[in-house]
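Each remark here refers to the structure printed beneath this line.
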Amino acid sequence: MALGTGNWARTAWGAVHRYASSGSPRTRGGLARASLLACCFLATAGTTLAAGRTTIADPPAPTPDFALTDHQGQPFVAGDLRGHTALVFFGFTNCMGVCPATMQVLRQATRELGADAAGLLNVLISVDGERDTPAAMQVFLEPFGPQFLGLTGAPADVRKVADGYKAVFFKGMPRPAGGYDVEHTSQVYLVDRAGRLRATFQGAGSEEIASVTRQVLQEK
């Protein structure tokens, strides 16, 4: 069955993760989690569900324009992704939970794609532009190889991109040892060579991501 067609069930998938200290106020933390979860639900409503934890965009949807800076300090605009299939993820280098895990899943999915991965880019868009300089992102991404691209920019600029994907982020509670966390949705977005959203993955494993991504990579 071709990607984006068939008898898919209508659904709304939402996800949230929170990195908060054990001593943070329960009321504020619960409200933040509830607000973000509600945003996630609204963000994914009206798309179509494939097997597992993959939501297919049927029909494919446009993705937002942007002008950010890559992890090598060079300007990077949305048009620079044209011609590549991309797996886009919003996260940050100081993330202590879902971001490193997601990066590992994307690396494994890239390996599972084998030769089909030649036209693939894994794109981490930072939701923590205050700390995620190009140099910081370069250090973070170095172990993952050349098919991983980091983009950063002013929080206001990144928020416009996130809004276009219906993703959500905001600064969270301070950490006991200093610094702060960033609350953000954790979906991975599959974008085709024409810059269209084709699928959204929420907690999907590398095999599922690779299977759906391969279909898009092999399209003529």
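Normalised by the number of residues in region 76-220, the mean separation of alpha-carbon contacts (under 8 Å, six or more apart) gives a relative contact order of 32 percent. Counting other Cβ atoms within 10 Å as a rough exposure proxy, the listed residues Lys160, Lys166, Lys220 run Lys220, Lys160, Lys166 from fewest neighbours to most.
Which loop-located GluC sites (Glu not before Pro) does region 180-220 contain, where loop means any DSSP state but H, G, I, E or B and the Cβ has at most 16 other Cβ atoms within 10 Å? Filter output for region 180-220: Glu219. Placing R0 at 22 angstrom, the Cβ-Cβ distance between Ala78 and Ala156 gives a FRET efficiency of 0.85 after rounding to 0.05. The separation of region 190-220 from region 110-186, counted between C-alpha centres, amounts to 18 Å.
Sorting the segments 88-100, 117-129 by their mean number of nearby beta carbons within 10 angstrom, highest to lowest, gives 117-129, 88-100.
The Kirkwood radius of region 50-197, taken over pairs of alpha-carbon atoms, gives through the Stokes-Einstein law at 10 °C and 1.306 mPa s a diffusion coefficient of 101 µm² s⁻¹.
Across region 60-70, computed HN-Hα scalar couplings (Karplus, 6.51 cos²θ - 1.76 cosθ + 1.60, θ = phi - 60°) run x, 10, x, 10, x, 6, 7, 9, 10, 10, 7 Hz from first to last residue, x flagging Gly and Pro. Other residues lying with their Cβ under 12 Å from the Cβ of Phe90 contribute a combined charge of -2, Lys and Arg counting +1, Asp and Glu -1. Close amide H contacts of Val123 (hydrogens built in the peptide plane, cut-off under 5 Å, sequence separation of 5 or more or a different chain): Leu87, Val88, Phe89, Leu149.
No lab work stands behind these numbers, since they all come straight from the coordinates. As the structure is a prediction and not an experimental result, all values here were calculated from the model. So basically every Cβ, Gly included, is an ideal-geometry build from the backbone, and we count neighbours across all protein chains shown.
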